[in-house]
Amino acid sequence: MPTPLLLILCTVPDRETGLKLAKALLDQGLAACVNLTSPVTSVYRWQGQLEQSDEILLLIKSVEKQYQRVEALLRAQHPYELPEIIAVPVEQGLDDYLDWVERCTKE
């Protein structure tokens, strides 16, 4: 796997927001695929208060060299003041799939 791949996690408040962000990432060649999960329940501390909300989790498949652009797009278009954006390196996977992700995210 010559190009380091990333799985980027990002939660959004609803499916509409998730689809908007997914399409923007794909339109700009920053992701090969974005999965939107069923609602997940998030429990977290925000501004000193314990919070709970239903959110949609985005699973964004991209490459390390595009991370800064992915982050910039998410921050610019995300409705949250502090969006969850976490990148996890992909250590292994089906070679053909990993090659496809790399081809889809070329600059």
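The values are calculated or read from the model by the stated rules, or taken from the named source; none is laboratory data. Just so it is clear, the model here is predicted, and its values are computed rather than measured. So basically every Cβ, Gly included, is an ideal-geometry build from the backbone, and we count neighbours across all protein chains shown. Areas reflect the complete protein model, heavy atoms only, side chains present, ligands, DNA and RNA absent. Shrake-Rupley method; radii C 1.70, N 1.55, O 1.52, S 1.80 Å.
Per-residue SASA remark: Asp99, around 70 Å² accessible (1.4 Å probe; ligands, DNA and RNA not included). Here's how it looks for Leu5: its modeled amide H is under 5 Å from those of Glu64, Val90, which are all 5 or more places away or on a different chain. The distance between label points at Gln49 and Gln68 comes to 3.7 nm (points 7 Å beyond Cα on the Cα→Cβ vector). Loop-resident trypsin sites (Lys or Arg not before Pro) (DSSP state other than H, G, I, E or B) in the chain with no more than 13 further Cβ atoms inside 10 Å of their Cβ: Lys106. Against the chain, whose longest principal axis comes from its Cα atoms, helix 15-27 is set at around 30 degrees. Trp46: net charge of surrounding residues, Cβ under 13 Å, Lys/Arg +1, Asp/Glu -1, itself excluded? Charge balance in the 13 Å sphere: -3.
Out of the total accessible area of the chain (probe 1.4 Å, heavy atoms of protein only), what percent is carbon and sulfur? Write down the numbers at each step before the final one.
Numbers: 3300 of 6560 Å².
That fraction is 50 percent.
Distances between placed amide hydrogens fall under 5 Å for Cys33 paired with Lys61, all partners being 5 or more residues away or on another chain. Given axes a ≥ b ≥ c from the Cα gyration tensor, I'd like to know whether the chain is rounded (a/c under 1.5), prolate (a/b larger than b/c) or oblate. It is prolate, given that a/c is not under 1.5 and a/b is the larger ratio. Compared with the dominant principal axis of the Cα atoms in the chain, helix 95-104 is inclined by about 80°. Treating the angle as unsigned and between 0 and 90°, give the value, to the nearest 10°, between the Cα long axis of helix 67-77 and the longest Cα principal axis of the chain. For helix 67-77, the angle is close to 40 degrees.
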